[in-house]
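Enquirer: Here's a structure for you.
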Amino acid sequence: MFKLRRFLYSYKKEVIIGPLCKLFEAILELFVPLVMANIIDVGIKEKQDVGYVLQMGGVMLLLAAAGLGSALVCQYLASRASQGVGTQIRRELFEHIGTLSHAELDSLGTPSLITRMTNDINQVQQSVAMCIRLLTRAPFIIVGSMIMAMTINFKMSLIFIVAAILIGITLYIVMSRSIPIYSSIQKKLDKIGLLSRENLSGSRVIRAFSKQESEKRRVDAATDELAKAAIRVSRLSALLSPATYAITNFAIILIIWFGAGFVNSGSGMLSGDIVALVNYMTQILLAMIVVANLVLLLTKSSACAKRINEVFETKPSVVETAKNPATADLSSPHVEFENVSFNYGDGDDELTNLSFSIKRGQTVGIIGGTGSGKSTLVNLIPRFYDATGGEVRLDGVNVKDYPFAQLRRQIGIVPQQSTLISGTIRDNMKWRNENATEAEIISALKIAQAYDFVSKLPLGLDSRVEQGGRNFSGGQRQRLCIARALVGEPSLLILDDSFSALDFATDAALRKALNENTKGATVIIVTQRCSTIKNADLIIVLDDGKAVGQGTHKELLESCDTYREICLSQLSEKEAAR
């Protein structure tokens, strides 16, 4: 929690004035038992003066009204500060997550990040509000009640001190056992978030394989684990109230017992003093319960703040070091890999000593078996990951020497997972170029073979896109993603297995349109279909992260056993030789 204090700097006024208002309310509350004692000892016992009783009653009402006004001001300031702090943390956390590379996002995990962005920040937000309202008030009430008890009768105040110590020990025992459980609860929430995300996004797959019951058992097991942890900590917390009530009520019995003795002995203690002492003990009880709840909340918030800080402390492995635009050398190869190696940090290299060059305007195919490193290779060009060895160059310049904006502005990329953003088709098409005209968008849609179905939609380009593009088929999503990458005419177009959901006729039409309309651009096609890249200017064959063949289709059929094996698994000998 202490590390997140920087977010409170914008709310210094609320953080200072709010607790002071609560402190003022607590001071007024400490005077109430004294007024009550005066009503009993002076107004009733000595004078039997109704006017005095009413006067003191009016004083109590004034104290209550002033305390209420002060509490309302504090409540407003606490809400303002807590909501503002929560908004700032959420905004900065989201911004920081946006700076992380794919490696860090893979490590932290999407479900965990969602939980931290929502539940964890809400807990911290709630703790800020409660601290402003109660962190000064509760301890002040406890200490103040003891001091006021001492002013009434020092010997009787010893009962207060012993009771406070016993309640404090009870709090410590319960809290020390609760803290580890709260940390585990947050991890169990992450697991439930993961399972929920998997089940919601993969509902069709689950139904297709009739796995509803097994998935239900997985979710039930995870929720049962969470429930058991929550019940365990709730049982511990439930001990607080009876334990503190028992100690306090026993202390009240002692106050009445010994107080009656002092009154009867004529030692100067009055009946009203006993009532005041009982009220102070009750105030201590209530304050202790508040402290217990506050400690519980701070314990939860501490675990949540630790998880939030873990994200803030995660530094991106891909860092933008270049601030000034790089000067491209157009006489150099458009894309060049020189002895490039890469691993995900888990041991073996995903890519090993890759070297090849691509000329401007070439169409290049990258093919290989599943897990051969095709997607990893193309992800190194826009710096989604950084090569662990060797250099990746674009127009003769190391990609690390480009500012991110300049590097990625040149590249149109269609990732393996076709994802559209909620909004309209027009909104999605303007991602590369927000000033794109309707004519440019329509041209890109035609090249991507998407204009036919878009033009038939009632609202055309203004048709709604649901989350992830779920209201479109897989092939339609792929074509819309290709069109989005084409808007703005990138000099390098990367298509990462972007034809997998297309039928062969659409695949052929799309390849023909790309060939005719992207003459000046370099096109890299990652695929597992030989037919998609047969006519490419250059084909790179990957096997276990190594380039085992480079050349044209005909050259590789003769010289590369891996490529020949892939082709003959999909085409006949006659079709492959064409």
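The values are calculated or read from the model by the stated rules, or taken from the named source; none is laboratory data. The shown structure was predicted, so the numbers you read here are calculated from the model rather than taken from an experiment. Positions of Cβ are generated from backbone atoms using ideal geometry, with glycine treated the same way; all protein chains shown enter the neighbour counts. When the accessible area is computed, the model is the full protein with side chains, heavy atoms only, and any ligands, DNA or RNA have been set aside. Shrake-Rupley method; radii C 1.70, N 1.55, O 1.52, S 1.80 Å.
Enquirer: Taking Leu239, is it within 24 Å of Thr299 (Cα to Cα), of a type outside the set (Val, Ile, Thr), modelled with pLDDT under 80 and surrounded by 11 or more Cβ atoms within 10 Å (Cβ to Cβ)? Walk me through it before giving the result.
Expert: On the way: within 24 Å of Thr299 (Cα to Cα): yes; of a type outside the set (Val, Ile, Thr): yes; modelled with pLDDT under 80: yes; surrounded by 11 or more Cβ atoms within 10 Å (Cβ to Cβ): yes.
Taking the combined requirement at face value, the residue satisfies it.
Enquirer: Quick check, is Asp386 open to solvent by 20 Å² or more (accessible area, probe 1.4 Å), within 25 Å of Thr99 (Cβ to Cβ) and at pLDDT below 90? Don't jump to the end; show me each part of the working.
Expert: Numbers: open to solvent by 20 Å² or more (accessible area, probe 1.4 Å): yes; within 25 Å of Thr99 (Cβ to Cβ): yes; at pLDDT below 90: yes.
The answer is yes for Asp386.
Enquirer: Among the numbered conditions (1) out of contact with any Asp or Glu (no Cβ under 9 Å at 6 or more places or on another chain); (2) surrounded by fewer than 17 Cβ atoms within 10 Å (Cβ to Cβ); (3) hydrophobic (A, V, I, L, M, F, W, C), tell me where Val319 comes up short.
Expert: (1)
Enquirer: Does the stretch 418-432 contain at least one residue that is closer than 24 Å to Leu502 by Cα, in contact with a Ser or Thr (Cβ under 8 Å, 6 or more places away or on another chain) and in a loop (DSSP other than H, G, I, E, B)?
Expert: Within the stretch 418-432, one or more residues are closer than 24 Å to Leu502 by Cα, in contact with a Ser or Thr (Cβ under 8 Å, 6 or more places away or on another chain) and in a loop (DSSP other than H, G, I, E, B).
Enquirer: Okay, next question. So, in the stretch 548-567, how many residues would count as being among the aliphatic types (A, V, I, L, M) and farther than 21 Å from Leu351 by Cα?
Expert: We begin by selecting, within the stretch 548-567, every residue among the aliphatic types (A, V, I, L, M); these are 548, 556-557, 566.
Restricting the remaining residues to those that are farther than 21 Å from Leu351 by Cα gives 557.
So the count comes out to 1.
Enquirer: Of the residues Arg91, Arg5, Arg80, only one is surrounded by fewer than 18 Cβ atoms within 10 Å (Cβ to Cβ), on the phi < 0 side of the Ramachandran plot, modelled with pLDDT under 85 and not β-branched (Val, Ile, Thr); which?
Expert: Working: Arg91 fails: modelled with pLDDT under 85; Arg80 fails: modelled with pLDDT under 85.
Checking each option against the conditions leaves just Arg5.
Enquirer: In the stretch 512-527, how many are within 19 Å of Pro415 (Cβ to Cβ) and at pLDDT below 85? Please lay out each step first, then the result.
Expert: We begin by selecting, within the stretch 512-527, every residue within 19 Å of Pro415 (Cβ to Cβ); these are 514, 518, 521-527.
Filter again for at pLDDT below 85, leaving 518.
Total meeting the criteria: 1.
Enquirer: Filter the stretch 353-383 down to the residues that are open to solvent by 40 Å² or more (accessible area, probe 1.4 Å) and over 21 Å from Arg529 (Cα atoms) and list them by number.
Expert: Asn353, Ser355, Ser357, Lys359, Arg360, listed by residue number.
Enquirer: Residue by residue through the stretch 464-483, note down the ones that are crowded, with 21+ Cβ neighbours inside 10 Å, among the basic types (Lys, Arg) and out of contact with any Gly (no Cβ under 8 Å at 6 or more places or on another chain). Reasoning before the result, please.
Expert: Residues of the stretch 464-483 crowded, with 21+ Cβ neighbours inside 10 Å: 469, 472, 477-483.
Subsequent filtering for residues that are among the basic types (Lys, Arg) retains 477, 479.
Listed by number, the list holds a single entry, Arg479.
Enquirer: Ala260 versus (1) touching a residue at least 60 places away in the same chain (Cβ under 8 Å); (2) surrounded by fewer than 17 Cβ atoms within 10 Å (Cβ to Cβ): which is the lone unmet condition?
Expert: The number of the failed condition is (1).
Enquirer: Can you give me the number of residues within the stretch 324-371 that are of a type outside the set (Val, Ile, Thr), at pLDDT 85 or above and touching a helix residue (DSSP H, G or I) at 6+ places or on another chain (Cβ under 9 Å)?
Expert: 8
Enquirer: Test of understanding: among Leu486, Leu493, Leu502, Leu461, which residue is surrounded by fewer than 20 Cβ atoms within 10 Å (Cβ to Cβ) and among the aliphatic types (A, V, I, L, M)? Spell out how you get there, then give the answer.
Expert: Details: Leu486 fails: surrounded by fewer than 20 Cβ atoms within 10 Å (Cβ to Cβ); Leu493 fails: surrounded by fewer than 20 Cβ atoms within 10 Å (Cβ to Cβ); Leu502 fails: surrounded by fewer than 20 Cβ atoms within 10 Å (Cβ to Cβ).
Of the residues listed, the single one that is surrounded by fewer than 20 Cβ atoms within 10 Å (Cβ to Cβ) and among the aliphatic types (A, V, I, L, M) is Leu461.
Enquirer: Outside any helix (DSSP H, G or I) and at pLDDT below 85 - does that describe any residue in the stretch 451-469? Full working, then the answer.
Expert: The first filter runs over the stretch 451-469 and keeps only residues outside any helix (DSSP H, G or I), leaving 456-459, 463-466.
Then keep just the ones that are at pLDDT below 85; that gives none.
Checking the stretch 451-469: not a single residue is outside any helix (DSSP H, G or I) and at pLDDT below 85.
Enquirer: A further question on this structure: I'd like to know if the stretch 549-562 contains one or more residues that are in a helix (DSSP H, G or I) and under 43 Å from the mean Cα position of the chain (by Cα). Steps first, answer last, please.
Expert: Filtering the stretch 549-562 for residues in a helix (DSSP H, G or I) gives 553-559, 561-562.
Then keep just the ones that are under 43 Å from the mean Cα position of the chain (by Cα); that gives none.
For the stretch 549-562, residues in a helix (DSSP H, G or I) and under 43 Å from the mean Cα position of the chain (by Cα): absent.
Enquirer: Something else about it: Has the stretch 90-103 got at least one residue that is under 48 Å from the mean Cα position of the chain (by Cα), outside any helix (DSSP H, G or I) and under 30 Å from Leu4 (Cα atoms)? Walk me through how you get there before you give the answer.
Expert: Within the stretch 90-103, the subset under 48 Å from the mean Cα position of the chain (by Cα) is 90-103.
When the remaining residues are screened for being outside any helix (DSSP H, G or I), the result is 100-101.
With the extra rule that they be under 30 Å from Leu4 (Cα atoms), the set shrinks to 100-101.
Yes, some residue in the stretch 90-103 is under 48 Å from the mean Cα position of the chain (by Cα), outside any helix (DSSP H, G or I) and under 30 Å from Leu4 (Cα atoms).
Enquirer: Now for a separate question. So, Ser422, is that one in contact (Cβ under 8 Å) with a residue 60 or more places away in the chain, open to solvent by 10 Å² or more (accessible area, probe 1.4 Å) and small (Gly, Ala, Ser) or not?
Expert: When the stated conditions are applied, Ser422 does not pass them.
Enquirer: Another question about this same structure. Please find, among Ser127, Ser184, Ser112, Ser178, the residue that is in a helix (DSSP H, G or I), at pLDDT 85 or above and either farther than 30 Å from Leu68 by Cα or touching a Lys or Arg at 6+ places or on another chain (Cβ under 9 Å) (or both).
Expert: On the way: Ser184 fails: at pLDDT 85 or above; Ser112 fails: at pLDDT 85 or above; Ser178 fails: at pLDDT 85 or above.
Of Ser127, Ser184, Ser112, Ser178, the one residue that is in a helix (DSSP H, G or I), at pLDDT 85 or above and either farther than 30 Å from Leu68 by Cα or touching a Lys or Arg at 6+ places or on another chain (Cβ under 9 Å) (or both) is Ser127.
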